[in-house]
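Q: A single structure is presented below for examination.
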Amino acid sequence: MLLLAKIGWRNLWRSPRGTLLTASALGLGLALLLVSLGLLDGGHAQMIDNAVRLGPGHVVVQAHGYQQTDSQDLLLSASAVSATEAFLQTETMRRVVRGLSPRLLASGLLSSAANADGVRIMGVIPKDERSVSLIPQRMVEGTYLGNDQQSGIVIGTELARRLAITIGARVVLMTQALQPSNAAASNASGGEMQSTLLRVNGIFRTGVQAIDAHVIQLPLPAAQTLLRVPDRVTLVAVLLEQERDSPIVARKLREKLAGFPVEILSWRQSMPTLARLFRLDDAFNYIMNAVVLSVVGLGILNTVLMRVLERRYEFGLFSALGLRPAQLAIMVIVESLTLTAISLTLGLVLGLSIEHYFATYGLDLRWFFASSLPAALVFDPIIYSRLSLTRIAWSVGIVFLTATVISIYPALRAARTKLPTALRVF
């Protein structure tokens, strides 16, 4: 075996140009695979982070049935919110929880002196919302809500344009008082129209049309007073340090809040469309990688097979000297595996170098979309690569397996060399 390995190694460098070209082709395939997987994982991680911070968080606690009905009357009780906050502030959970924010949601009509438009009301606690949401970080004019503020409002740029208002303008918010589904907590004012005068503190821009044109935020106490539901909220948004912890945290919350009429969902359950989009994107990326590897593999198969056919006289001579067919096959397989090792080394060096660049500086998509960016990318036009050790090991294993399978057919052709036909010079 050692002698066959030495012969296989020397055979590779009888044609250094062909060896290096073949190794470069397979190495390039591995590099492309590593870069594409790194950008895919990095892009998904950024999209998830933006989606949960513009949506209900990694985990959401809400009244039972709210996910299906989206009814504004389904509210969390003060005891359910307190139990949630107490559990998430324990020593164990504080290690994985970045922040939580109670929110009161409703629909309303926002009016200015120039126009009126339907809005999505979001009552929040400013200091809590800063740790969970992207909106406080996307202020383009004015300031976000203050912690000691009892009134005031922040709106999106598109809504400000429609209503023709600027910072400091006064607006009237009109909505219908909520009627909690719990009969014991209902009151006579449920369903009555309510209105209040608010001053615009700030204008934000997230890049998502549905948010910039319809969402407004105001302090939670002001929203509860307007909607006539003191001490009640619609949901509690929970932001985690790591997305992968969301199923575990959701399961523990379900166990803790088993006695309350609530539903606890991870982001994949609260935003199923986004989860399906990621699965579709993963499938498409895997198909493209399979096509790339197939093309590279066929090229390598053609190269290795031609090298075997060109050496028919050499294999005939080996057979005449006493090498058995199995030994000829082993020699060709050793050559192929050695070539694969060289290819993997080149691919890892090239792929990890490019991946490190994208992980450090990112892939800037602004040059591609010029001045017009899609809504899904406008708040993060630079994608940073994230490549895990598991992905690297998986990629190397796939390429190695591909090269090994490819080497079997040329090895069988070498083993089937027939005497004396192979020794004919003319």
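The values are calculated or read from the model by the stated rules, or taken from the named source; none is laboratory data. Remember, it's a predicted structure, so these values are computed and weren't measured experimentally. Note: ideal-geometry Cβ built from the backbone for every residue, glycine included; neighbour counts use all protein chains shown. Ligands, DNA and RNA are excluded from the accessible area calculation, which covers all protein heavy atoms including side chains. Shrake-Rupley method; radii C 1.70, N 1.55, O 1.52, S 1.80 Å.
Q: Just want to confirm a number: the relative contact order over the chain, from Cα pairs under 8 angstrom separated by 6+ residues, in percent.
A: 27 percent
Q: Return the tail of the calculated pair distribution for the stretch 1-133, meaning the percent of Cα-Cα pairs more than 19 Å apart.
A: 72 percent
Q: For the stretch 114-169, what is the Kirkwood estimate of the hydrodynamic radius, computed as the reciprocal of the mean inverse distance between distinct Cα atoms, to one decimal in Å?
A: 12.4 Å
Q: What's the Kirkwood radius of the chain in Å, using all Cα pairs?
A: Numbers: mean 1/r = 0.0383 Å⁻¹.
Final number for the Kirkwood radius of the chain is 26.1 Å.
Q: Sticking with this structure for a sec: State, to one decimal in nm, how far the label point of PHE284 lies from the label point of LEU305, with both points 7 Å from Cα in the Cβ direction.
A: Label-label distance for PHE284 and LEU305, simple model: 3.3 nm.
Q: Please give the net charge around THR19, taking every other residue with its beta carbon less than 14 angstrom from that of THR19, where Lys and Arg add +1 and Asp and Glu add -1.
A: Numbers: positive: ARG10, ARG14, ARG17, ARG307, ARG311; negative: GLU310, GLU335.
Residues close to THR19 contribute a combined charge of +3.
Q: About its Cα centre, what dipole magnitude does the chain give when the only charges are +1 on Lys and Arg Cβ and -1 on Asp and Glu Cβ, stated in debye to the nearest 20?
A: Computed about the Cα centre, the dipole is about 1900 debye.
Q: If you don't mind, there's one more thing I want to ask. For the full complex of protein chains and a 1.4 angstrom probe, list HIS58, HIS214 by accessible area with the highest value first.
A: Listed by decreasing accessible area, they come as HIS214, HIS58.
Q: Hey, what's the Kirkwood Rh for the stretch 125-274 if you take every pair of different alpha carbons, in angstrom?
A: Kirkwood radius, the stretch 125-274: 17.5 Å.
Q: While we're on this one: List, largest first, the extents of the alpha carbons of the stretch 280-338 along their principal axes, each in whole Å.
A: Over the stretch 280-338, Cα extents along the principal axes are 57, 18, 15 Å.
Q: Give the distance, in whole Å, between the Cα centre of the stretch 301-354 and the Cα centre of the stretch 44-86.
A: Each part's Cα centre sits 59 Å from the other's.
Q: Here is a further query. Of the accessible area of the stretch 1-40, with the probe set at 1.4 angstrom, what percent is carbon plus sulfur?
A: Values: 1500 of 2090 Å².
Its accessible area is 72 percent carbon and sulfur atoms.
Q: Shifting gears a bit: I want to verify a result. In a Gaussian network model of the chain, Cα cutoff 10 Å, which of these has the top mean-square fluctuation: GLN137, GLN224, GLN68?
A: Sorting by GNM fluctuation, first place goes to GLN68.
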